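Report on the following structure.
The values are calculated or read from the model by the stated rules, or taken from the named source; none is laboratory data. Predicted model only: the values in this text are computed from it and were never measured. FYI the Cβ positions are ideal-geometry reconstructions off the backbone, even for glycines, and counts take in every protein chain you see. Calculation scope for accessible area: heavy atoms of the full protein, side chains included, ligands and nucleic acids excluded. Shrake-Rupley method; radii C 1.70, N 1.55, O 1.52, S 1.80 Å.
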Amino acid sequence: MPIFPKISLRPEVENYLKENFMNEEVLAVSSKQDAQEKLEALLNHLSHPPSFTSVRVNTHLASVQHVKSLLVDELKKLNGLIVPVLQHPDLQDVLLIPVIGPRKNIKRQQCEAIVGAQCGSAVLRGAHVYIPGIMSASKFMKAGDVISVYSDIKGKCKKGAKEFDGTKVFLGNGISELSRKEIFSGLPEMKGIGIRMTEPIYLSPSFDNVLPSYLFLQNLPSVVVTHVLNPQPGEKILDLCAAPGGKTTHIATLMHDQGEVIALDKISNKIEKIKQNASLFGLNSIKAYCFDGTKALKLDMIENTEGAPPFLPESFDRILLDAPCSGMGQRPNMACTWTLKEVTSYQPLQRKLFSVAVQLLKPGGVLVYSTCTITLAENEEQVAWALTTFPCLQLQPQVRVISFYSLCNLMNHRK
């Protein structure tokens, strides 16, 4: 039985998902009960962290085996434990650290702190509790106290409250770095660690500033996307919606930093982060621009932008469209407070970006479309729409299919 409840959704959103996952096409090949059980299993999994923390190795600067050795030593230094570090059986540039949990015998303390849902999700992935994420703390909490930390999954707790009786989920215990008075002093410089987690429900190492030039903390599906794109040295590649830049740096790395990688995002500070990551990883082939991807197609031949956006049609060998989406596939996520209107609002934008991407792609080029959501409207329906709208496109099989069983076999082999 799951230790957390399934992801909390508004009734209209849950009904929308049920209608999607039990439509005529699904029920033609599966019983209604099977389809419903699969949806329930998915919603339960979403509220829990993945079984492994995945980090991508910057193979541009070092070999996987060298970085693996460094990481084992680093984790031992940070945690005082020998943490297993495994190389992914299919994705050779990925290292996996098993997540231990859920641990059910942690004693709950009288002193409590309530954190926001986003902070709670970070704690489940190995983070400590930072001051901005603390919503409530017991009135008698002092620095050095052992604190039980809970997540306010429905966003009902008021900032600075002394107690909270709403829906909350236990995340584990930690030691307070500050008193309640200091945490809620209102001083803008209060941004560091507020509670250092010592007994989390899920034990997963924190990767804050761990081997920053060699490792990138990245969810496994995000790594798979770039391998599916399969960039080659010397090509010109566009990452149309690039922030935060994990896939951008991965593209350049797989190309051995030979060629040109164009990264676009319309938020300037995100572009600066991409540039910082490229510099940190020693990658020179990346050019990042603050630019709206929906306007990336040059409509006239007059203006000379000298390599900057917008671009002429058929400019790129490969294009990655990791589109803005409802994000409902992110884990762990115990609650989504979005309305149905918000959840379904992304399809028009995705289609605008898709149209631009198709026109920017060279004949015979490769376009990979990806999201981090579970709705059919943003995934399968978009692909079906694109194939109908653009006859020049042909659907290709995804070569990289990651099986959970390969990870289980890896763990069994290790034992």
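Structure above, values below:
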read-out: Residue within the stretch 33-49 that is of a type in the set (D, E) and either farther than 23 Å from S121 by Cβ or in contact with a Phe, Trp or Tyr (Cβ under 6 Å, 6 or more places away or on another chain) (or both) present; value: yes
read-out: When residues of the stretch 1-52 are limited to those that are of a type in the set (V, I, T) and at pLDDT below 95, the one nearest to E378 (Cα to Cα); value: V26
read-out: Selection count, the stretch 205-234, where residues are within 16 Å of the chain's Cα centre (by Cα), closer than 26 Å to P89 by Cβ and either assigned by the TED database to the domain that holds L75 or not aliphatic (A, V, I, L, M) (or both); value: 8
read-out: Strands (runs of 3 or more DSSP E) (entirely within the stretch 224-322) containing at least 1 residues that are open to solvent by 20 Å² or more (accessible area, probe 1.4 Å), in contact with a Cys (Cβ under 6 Å, 6 or more places away or on another chain) and touching a residue at least 12 places away in the same chain (Cβ under 8 Å); value: 316-322
read-out: Which numbered condition Y214 fails, given (1) among the aromatic types (F, W, Y); (2) modelled with pLDDT under 95; (3) in contact with a Leu (Cβ under 9 Å, 6 or more places away or on another chain); value: (2)
read-out: Wholly within the stretch 82-184, strands (runs of 3 or more DSSP E) carrying at least 1 residues that are under 21 Å from I201 (Cβ atoms), open to solvent by 40 Å² or more (accessible area, probe 1.4 Å) and in contact with a Gly (Cβ under 7 Å, 6 or more places away or on another chain); value: 134-137, 169-176
read-out: Test: residue in the stretch 193-209 that is part of a strand (DSSP E or B), closer than 26 Å to E260 by Cβ and in contact (Cβ under 8 Å) with a residue 40 or more places away in the chain; value: no
read-out: The listed residue being under 15 Å from K295 (Cβ atoms), open to solvent by 30 Å² or more (accessible area, probe 1.4 Å) and over 13 Å from the mean Cα position of the chain (by Cα), out of L349, L340; value: L349
